[in-house]
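Asker: The structure follows.
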Amino acid sequence: MQVNVSDPQHLELLLTAKTENWSGNEISFIFKNEQENLVTLSWNKENNEVILIRADKSTTDAQRYGKLRPNSKLKIQVFIDTSSIEFFLNDGELVFSERYYTTKKPAIFINADEPVNISVAGYSLAE
């Protein structure tokens, strides 16, 4: 699902997925331009592992990992600026900050391997 926003580079997003009785296993937040995924954050329900991948880094440095405690919801707060993106998962239990570089207008996608109830709220940030 694409998240349609007017300015994806000056934005706060609040995502909440109800996962307690969800039959799926993975939810991903993808920040991409027309050529590549710039930053991808994926959560695995089975092991509560979170993986952040930045496409422009070398293979050995492209992935960062973290683990969340089991919870009935997955909450992701995302702050996006011109060249940085920050993720706060489950009220700050796990935090990632990354830089990204693009000359093209990026887009935001949320994917799941099974249908899931996700609420999305977005707020524009001043430039």
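Asker: Over the Cα atoms of the chain, what radius of gyration and what Dmax do you get, in Å?
Answerer: 13.9, 41
Asker: Also, I was wondering about something else. Name the lysines eligible as straight-distance cross-link partners of LYS45: C-alpha to C-alpha under 22 Å, and not fewer than 8 places from it in the same chain.
Answerer: LYS18, LYS67, LYS73, LYS75
Each reported figure results from applying straightforward, stated rules to the coordinates on display, with no laboratory input. The structure presented is a predicted model; accordingly, all values stated were derived computationally and were not measured.
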